[in-house]
Amino acid sequence: MDVKKEKIGFIGLGIMGLPMASNLMKDGFDLVVYNRTLSKCTQLEDKGAVVAKNPADVAKNAKVIITMVTDSPDVENLLLGENGIMSTIEEGSIVIDMSTISPKITKELNSKLNSKGCYMVDAPVSGGSWGAIEGTLSIMIGGEKSAYEQCVPLFESMGKNIIYTGESGMGQTTKLVNQILVAGTMNAVAEALVFAAKSGADLEKTIDAVGGGAAASWQLNNLAPRIIKGDFDPGFMIKLQQKDLRLVIETAQSMNVPIPGTSLASQMFASLLSKGLGDEGTQALVKAYETLAGVEARTK
């Protein structure tokens, strides 16, 4: 299949999905789109995308279907629910799931698609809304290698660091590794900034000093400056990070793998969810530590 000649389905036009679909259209791909809130399709419709009535309508009109939704049950419903993708999908079609979901569920859905002569490629992403807008996402890909190879031009429109990681479920497994690292690092940045603030340190100079050495990280160099300015707009929302950490913890428990650092980060994010802060960016984790320490890590 030459994906450049195919109509591409795209389901899920949220904070990540909309700019990802827009980048595909910029590169000349012909899209048929669907979103539960149909008004979110307007921007792409104005650019020439066809708006489908439901997921089945997408699968009827596209042999490659990208899904970008929130959680495992959402992907299961898109494929298996009423008017779902599986009801109309054609043999030889490929479903590319770019959501972050359970590796176990991914393998199960791939098996169901295989029974119809189709494939599921799991291709979760990292890079937040900024990466989605700029087309610089990291994409971690699992599934049948021949299916992945056919879809490379699509991935190149949405990301820069494109890595095939292995069989079905391995893309999702790699994404969970990513989330362990992201959550642990964000937790350390939050602790460090609150420690610095309580000590009376100049926060801007502190970030500059440690951000060029062994302690450097994407979160420190990109999110710490936003924290000290009080900017908690989301590149990736707390409620979605916590959903990903739930997947990590469930998967770790199934393998009897201890993850105490990740569990701690999850508890700290939970304290923010209890305060209704789930729509803020993950850098708002600092607020949990500020509450405990009785200090705000902000520039004066």
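What are the residue pairs meeting all of these: first residue in the range 283-297, first residue under 18 Å from Trp218 (Cβ atoms), second residue open to solvent by less than 20 Å² (accessible area, probe 1.4 Å), Cβ atoms under 6 Å, and 6 or more apart or on different chains?
Hits for this filter: Gln283/Leu223; Gln283/Ile227; Leu285/Met186; Leu285/Ala190; Val286/Ala190; Val286/Leu193; Val286/Ile227; Val286/Ala297.
Give me the pairs, please: first residue somewhere in the range 235-263 and part of a loop (DSSP other than H, G, I, E, B), second residue anywhere and open to solvent by 20 Å² or more (accessible area, probe 1.4 Å), beta-carbon distance under 6 Å, and either six or more positions apart or on two chains.
Matching pairs, first to second residue: Gly235/Trp130.
Name every residue in the range 208-249 that is open to solvent by 20 Å² or more (accessible area, probe 1.4 Å) and either among the hydroxyl-bearing types (Ser, Thr, Tyr) or in contact with a Lys or Arg (Cβ under 9 Å, 6 or more places away or on another chain) (or both), in order of residue number.
Those that are open to solvent by 20 Å² or more (accessible area, probe 1.4 Å) and either among the hydroxyl-bearing types (Ser, Thr, Tyr) or in contact with a Lys or Arg (Cβ under 9 Å, 6 or more places away or on another chain) (or both): Ser217, Lys229, Gly230, Phe232, Asp233.
Which of the residues belonging to the range 129-145 are farther than 15 Å from Thr100 by Cα and over 11 Å from the mean Cα position of the chain (by Cα)? Working first, answer last.
So in the range 129-145, the residues farther than 15 Å from Thr100 by Cα come out as 130-131, 133-136, 144-145.
Hits for the range 129-145 are Trp130, Ile133, Glu134, Gly135, Thr136, Glu144, Lys145.
Would you check if Ser217 is polar (S, T, N, Q), modelled with pLDDT of 95 or more and under 25 Å from the mean Cα position of the chain (by Cα)? So that I can check it myself, show each step before the final result.
Values: polar (S, T, N, Q): yes; modelled with pLDDT of 95 or more: yes; under 25 Å from the mean Cα position of the chain (by Cα): yes.
When the stated conditions are applied, Ser217 passes them.
Can we say Leu277 is aliphatic (A, V, I, L, M), closer than 20 Å to Val295 by Cα and at pLDDT 95 or above? Write out each step before concluding.
Working: aliphatic (A, V, I, L, M): yes; closer than 20 Å to Val295 by Cα: yes; at pLDDT 95 or above: yes.
Answer is yes for this residue.
Residues checked against (1) within 18 Å of Ser102 (Cα to Cα); (2) without any contact (Cβ under 8 Å) to a residue 24 or more places away in the chain; (3) within 17 Å of the chain's Cα centre (by Cα); (4) assigned to a loop (DSSP other than H, G, I, E, B):
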{"site": "Ala147", "(1), (2), (3), (4)": "no, no, no, no"}
{"site": "Lys160", "(1), (2), (3), (4)": "no, no, yes, no"}
{"site": "Thr165", "(1), (2), (3), (4)": "yes, no, yes, no"}
{"site": "Leu181", "(1), (2), (3), (4)": "yes, yes, yes, no"}
{"site": "Glu191", "(1), (2), (3), (4)": "no, no, no, no"}
{"site": "Ala197", "(1), (2), (3), (4)": "no, no, no, no"}
{"site": "Glu204", "(1), (2), (3), (4)": "no, no, no, no"}
{"site": "Ile207", "(1), (2), (3), (4)": "no, yes, no, no"}
{"site": "Gly212", "(1), (2), (3), (4)": "no, yes, no, yes"}
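Report those helices (runs of 4 or more DSSP H) wholly inside the range 1-108 carrying at least 1 residues which are under 19 Å from Lys243 (Cβ atoms) and among the acidic types (Asp, Glu). Before the answer, list the steps.
Details: elements: 17-26, 42-46, 55-61, 72-80.
Filter on the range 1-108 gives 72-80.
Condition (residue is open to solvent by less than 60 Å² (accessible area, probe 1.4 Å), out of contact with any Lys or Arg (no Cβ under 9 Å at 6 or more places or on another chain) and modelled with pLDDT of 95 or more) applied to the range 292-300: is it met by at least one residue?
The answer is no, given that none of the residues of the range 292-300 is open to solvent by less than 60 Å² (accessible area, probe 1.4 Å), out of contact with any Lys or Arg (no Cβ under 9 Å at 6 or more places or on another chain) and modelled with pLDDT of 95 or more.
Inside the range 76-106, can you point out the residues that are open to solvent by 70 Å² or more (accessible area, probe 1.4 Å) and more than 20 Å from Gln179 (Cα to Cα)?
Of all residues in the range 76-106, those open to solvent by 70 Å² or more (accessible area, probe 1.4 Å) come to 77, 80, 82-83, 87, 90-91, 104.
Within the range 76-106, Asn77, Leu80, Glu82, Asn83, Ser87, Glu90, Glu91 meet the criteria.
Please go through the range 36-72 and pick out each residue that is open to solvent by less than 20 Å² (accessible area, probe 1.4 Å) and among the polar types (S, T, N, Q). Steps first, answer last, please.
Applying the first criterion (open to solvent by less than 20 Å² (accessible area, probe 1.4 Å)) to the range 36-72 yields 41, 44, 49, 52, 55-56, 58-59, 62, 64-67, 72.
Within the range 36-72, Thr67, Ser72 qualify.
Looking only at the range 1-31, which residues are surrounded by fewer than 24 Cβ atoms within 10 Å (Cβ to Cβ) and either within 24 Å of Phe236 (Cα to Cα) or among the polar types (S, T, N, Q) (or both)?
Within the range 1-31, Gly14, Ile15, Gly17, Leu18, Pro19, Ser22, Asn23, Leu24, Met25, Lys26 qualify.
Residue by residue, here is whether (1) surrounded by fewer than 14 Cβ atoms within 10 Å (Cβ to Cβ); (2) within 24 Å of the chain's Cα centre (by Cα) holds:
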residue	(1), (2)
Ser254	yes, yes
Phe269	no, yes
Leu277	no, yes
Thr282	no, yes
Val286	no, yes
Tyr289	no, no
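Does any residue of the range 49-70 turn out to be charged (D, E, K, R) and closer than 25 Å to Gly127 by Cβ?
Within the range 49-70, the subset charged (D, E, K, R) is 53, 57, 60, 63.
Narrowing further to those that are closer than 25 Å to Gly127 by Cβ: none.
Checking the range 49-70: not a single residue is charged (D, E, K, R) and closer than 25 Å to Gly127 by Cβ.
Filter the range 115-145 down to residues that are open to solvent by 70 Å² or more (accessible area, probe 1.4 Å) and in a helix (DSSP H, G or I) and give me whichever is farthest from Gln179 (Cα to Cα).
Lys145
Considering only residues that are within 23 Å of the chain's Cα centre (by Cα) and β-branched (Val, Ile, Thr), which ones fall in the range 256-267?
Ile259, Thr262
The values are calculated or read from the model by the stated rules, or taken from the named source; none is laboratory data. It should be emphasised that the depicted structure is a prediction, and the values quoted were computed from it without experimental measurement. Don't worry about glycine lacking a Cβ; one is built from the backbone with ideal geometry, like all the others, and counts go over all protein chains shown. Just so you know, the surface numbers come from the protein's heavy atoms only, side chains and all, with ligands and any DNA or RNA stripped out. Shrake-Rupley method; radii C 1.70, N 1.55, O 1.52, S 1.80 Å.
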